[in-house]
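I have placed the structure first, in the form of structure tokens, so that the comments after it can refer back to it.
Since every read-out is calculated from the coordinates, none of them should be taken as a lab result. Since the model is a prediction, treat every value here as computed from it, not as a measurement. Quick reminder, even Gly has a Cβ in these numbers, built from the backbone with ideal geometry, and neighbours come from all protein chains shown.
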Amino acid sequence: MTTDVGDSPVRTSYRHGDLRRALIEAGVDLAGEGGPPAVVLREATRRVGVTPNAVYRHFADRQALLDAVCSTCQGLVAGAIETDQARVDTTDLVEGARLRFRAVGTGYLRFALEQPGQFQTAFSASSDLDSATSAARAGPGGLTPFQLLTQALDDLVAVGLLPAERRPAAEFLAWSAVHGLAELLIDGPLRALPAPVKQTLIVRVIDMVEQGL
């Protein structure tokens, strides 16, 4: 059942859980349009078509909504990584591990360029490393972006491409390099570069990370 209030329909009945999901989806759309600052309760409720007071049954404040949107956006990043990893087509275990590791970087950066607002939102409400392994932030395969990276690094060790003594903390080095490039490309001095140049930089940074490990 809905009633019209101004230009927005106000939904007066929801099945359990529908409103929370709808608000998060609206928040993800807002993030895509304007990054973290755009994720605000009033606009999310307007888009869903409910009164502002209705949101407080599901989110105590804006930060609570932003946290949920952040988690969903991280899941989208993980999905992009999984997509690139699924494109790896080889029966060679060593080459497969290497290419899946590289796909973590390409998927991460591809999502950053295609969805900069959602990418920035994905990492806007992460106060500690525990959040990087939260099940709420996992992609379709059940792993977060950080877990996909750690898994890919473990696979490199397993096939002999990464010495075991160099494995500790390798995820932080790889993540720092790739995330830094992402920020420079989408909201820094590299954002005006032509697309082919950006793609060249992506390949070279991933080369640097792979060779540096």
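Could you work out how far helix 18-34 tilts from the main Cα principal axis of the chain, as a 0 to 90 degree angle to the nearest 10?
The answer is roughly 60 degrees.
Which value in deg cm²/dmol, rounded to the nearest 500, describes the helix-derived mean residue ellipticity at 222 nm for the chain, given -39,500 (n - 2.57) per DSSP H run of n ≥ 4 and division by the residue count?
Value at 222 nm, helices only, nearest 500: -20000 deg cm²/dmol.
Measuring from label point to label point, each 7 Å out along Cα→Cβ, what is the Met208 to Arg62 span in nm?
Distance between label points: 3.6 nm.
Looking at the square roots a ≥ b ≥ c of the eigenvalues of the Cα gyration tensor of segment 173-213, which shape do they give, rounded for a/c under 1.5, prolate if a/b is larger than b/c, or oblate?
Oblate, since a/c reaches 1.5 and b/c is not below a/b.
Loop by DSSP (not H, G, I, E, B), at most 16 other beta-carbon atoms within 10 Å: where is the longest site-free stretch of the chain for trypsin sites (Lys or Arg not before Pro)?
That gives 88-190 as the longest site-free run.
Counting Lys and Arg as +1 and Asp and Glu as -1, what is the net charge of the other residues whose Cβ lies under 14 Å from the Cβ of Thr144?
On the way: positive: Arg137; negative: Glu82, Asp128, Asp130, Glu171.
Local charge sum for Thr144: -3.
Among Thr51, Thr121, rank each residue by its count of other Cβ atoms within 10 Å, from fewest to most, as a rough exposure measure.
Values: Thr51 13, Thr121 28.
Fewest to most other Cβ atoms nearby, the residues stand as Thr51, Thr121.
Sort Thr144, Thr72 so the one with the fewest other Cβ atoms within 10 Å of its own Cβ comes first.
Ascending Cβ contact count within 10 Å gives the list Thr72, Thr144.
Which angle between 0 and 90 degrees, to the nearest 10, do you get for helix 93-114 versus the longest principal axis of the chain when only C-alpha atoms count?
40
Sort segment 128-213 into rounded, prolate or oblate with this rule: let a ≥ b ≥ c be the square roots of the eigenvalues of the Cα gyration tensor; rounded if a/c is under 1.5, and if a/c is not under 1.5, prolate when a/b is larger than b/c, oblate otherwise. Could the numbers behind the result be given before it?
Working: a/c = 2.21, a/b = 1.32, b/c = 1.67.
Oblate, because a/c is 1.5 or more while a/b does not exceed b/c.
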